[in-house]
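Worksheet: one structure, shown below.
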Amino acid sequence: MKKRIMTLLMVLASMMVSTTYAQEIYKTVADVPMVQLNNGILMPQFGLGTFLQPSDSVCEQSCLTALKAGYRHIDTAHAYNDEAGVGRAVKKSGIPREEIWITSKLWPTEYGEGKTMEAIDKMLERMQLDYIDLLYVHQPVGDFVGAWRDMEKAVAMGKVRALGISNFDASDEVFNKIMSESRVKLAVLQIECHPYAQRLAMREKVKLYGIQVECWFPLGGAMSNGALLRDPVICSIAEAHGKTPAQIILRWHIQEGFSVIPGASNPDYIRENIRIFDFELTDEEMARIRSLNQEKRFFNMSLEEKERVYLNTPMKD
């Protein structure tokens with residue numbers, strides 16, 4: 001009898017340890033949840049966006065501040081001209097490379113078989129990295145199919161772990177084209193998304209493929225002139241929780257299941273933005289924020305204008 005009891009206790013203890021370990025691997029050091037992509041890879045759900053960092057050196061300091069605060073996901077792009085700063089921050093942080101998720105994006109002038117592989121190698125060189133965790137085609141113009149072919153080869157070579165598309169909500173045609181041409185699973189779609197533009201139709205479309213939605217301009221961006229941060233519904237919920245409006249909006253994104261990458265260079269804002277994992281919004285509060293949806297985007301550039309501008313804007317190496 002004693003032997004049976006001891007065996008039972010050992011089994012229970014083993015189950016508890018296994019459960020605890022499972023919970024731990026699905027969170028980063030700052031309690032940021034991990035989302036499992038459709039290729040099985042785990043990605044931190046929350047990160048730092050580096051769009052519009054004042055300079056490459058400022059970006060380096062922003063990333064170091066973020067990493068010290070517990071961020072483990074950094075989103076950059078060739079077009080942002082700050083990839084080198086991101087790479088320096090990763091090295092200087094002392095954090096093992098495998099614990100930091102690095103995303104970058106290829107510009108349309110880099111699209112095309114052969115041309116894109118060269119661009120990926122240059123990207124790795126700029127960031128002084130052996131691999132990129134997530135690589136996007138940044139805009140749905142130009143030879144993005146040719147780019148995708150090289151991106152798939154880069155996955156096979158271990159240079160990239162996951163592939164995604166950014167701004168392919170521009171039209172059904174570009175989205176369907178990339179979906180029909182892809183052989184490696186498209187894991188993430190990055191689009192403008194926030195309480196005023198909740199992108200309900202696009203979310204339903206990608207759900208069929210198990211594609212993770214990642215949100216840029218989650219707080220509205222500079223073009224919004226702080227409209228979301230002044231919204232009375234969001235402000236009242238913030239007051240109830242003793243949090244800032246920005247923290248409420250970011251928490252809403254997390255509970256909606258989005259990946260979210262707020263941009264900031266102010267160290268106080270960087271630290272404030274990640275302090276959203278010590279509270280939860282109620283179902284009623286989530287519903288109130290959902291009711292704000294107007295599908296109102298703050299960045300509105302037509303596909304035709306993107307083709308005209310982006311295909312004639314080469315990036316520096």
Would you be able to tell me the number of residues in segment 158-185 that are open to solvent by 10 Å² or more (accessible area, probe 1.4 Å), out of contact with any helix residue (DSSP H, G or I) (no Cβ under 8 Å at 6 or more places or on another chain) and within 16 Å of GLY40 (Cα to Cα)?
2
Just checking: which of the helices (runs of 4 or more DSSP H) contained wholly in segment 186-293 hold 3 or more residues that are touching an Asp or Glu at 6+ places or on another chain (Cβ under 8 Å) and surrounded by 18 or more Cβ atoms within 10 Å (Cβ to Cβ)?
245-256
Which residues, counting only those in segment 47-65, are open to solvent by less than 10 Å² (accessible area, probe 1.4 Å), assigned to a loop (DSSP other than H, G, I, E, B) and of a type outside the set (Val, Ile, Thr)?
GLY47
Given (1) open to solvent by 30 Å² or more (accessible area, probe 1.4 Å); (2) touching a Cys at 6+ places or on another chain (Cβ under 8 Å), identify the lone condition not met by GLU113.
(2)
Please enumerate the residues belonging to segment 223-266 that are over 17 Å from ASP283 (Cα atoms), touching a helix residue (DSSP H, G or I) at 6+ places or on another chain (Cβ under 8 Å) and among the aliphatic types (A, V, I, L, M).
LEU228, LEU229, ALA246, VAL260, ALA264
What's the number of the only condition in (1) at pLDDT 95 or above; (2) assigned to a loop (DSSP other than H, G, I, E, B); (3) more than 22 Å from LEU189 (Cβ to Cβ) that ASP317 fails to meet?
(1)
Take the conditions under 20 Å from ASN167 (Cβ atoms), in contact (Cβ under 8 Å) with a residue 40 or more places away in the chain and of a type in the set (Lys, Arg) and apply them to LYS122. Does it pass?
no
Name the residue that is nearest to PRO44 (Cα to Cα), counting only residues in segment 71-110 that are open to solvent by less than 10 Å² (accessible area, probe 1.4 Å) and hydroxyl-bearing (Ser, Thr, Tyr).
TYR71
Does THR28 satisfy being open to solvent by less than 10 Å² (accessible area, probe 1.4 Å) and among the hydroxyl-bearing types (Ser, Thr, Tyr)?
no
Return the pairs, sorted by first residue and then second, in which the second residue is part of a loop (DSSP other than H, G, I, E, B) and surrounded by 15 or more Cβ atoms within 10 Å (Cβ to Cβ), the first residue lies in segment 26-39 and is free of Cβ contacts under 8 Å to residues at least 24 places away in the same chain, the beta carbons are less than 9 Å apart, and the residues are 6+ apart or on different chains.
LYS27/PHE277; MET34/THR28; MET34/GLN45
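Condition check ((1) of a type in the set (S, T, N, Q); (2) farther than 24 Å from ASN300 by Cβ) across all residues:
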{"site": "VAL213", "(1), (2)": "no, no"}
{"site": "ASN225", "(1), (2)": "yes, no"}
{"site": "GLU239", "(1), (2)": "no, yes"}
{"site": "GLY242", "(1), (2)": "no, yes"}
{"site": "GLU256", "(1), (2)": "no, no"}
{"site": "ILE261", "(1), (2)": "no, no"}
I need every pair where a residue in segment 198-226 that is charged (D, E, K, R) has its Cβ under 8 Å from the Cβ of a residue that is loosely packed, with under 13 Cβ neighbours inside 10 Å, sequence separation at least 6 or different chains.
ARG199/GLU295
Suppose the filter is surrounded by fewer than 20 Cβ atoms within 10 Å (Cβ to Cβ), modelled with pLDDT of 95 or more and within 29 Å of LYS316 (Cα to Cα); does LYS68 pass it?
no
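The values are calculated or read from the model by the stated rules, or taken from the named source; none is laboratory data. Fair warning: this is a prediction, and the values are worked out from it, not measured in the lab. Don't worry about glycine lacking a Cβ; one is built from the backbone with ideal geometry, like all the others, and counts go over all protein chains shown. Quick note on the areas: whole protein, heavy atoms, side chains included, nothing else; ligands and nucleic acids left out. Shrake-Rupley method; radii C 1.70, N 1.55, O 1.52, S 1.80 Å.
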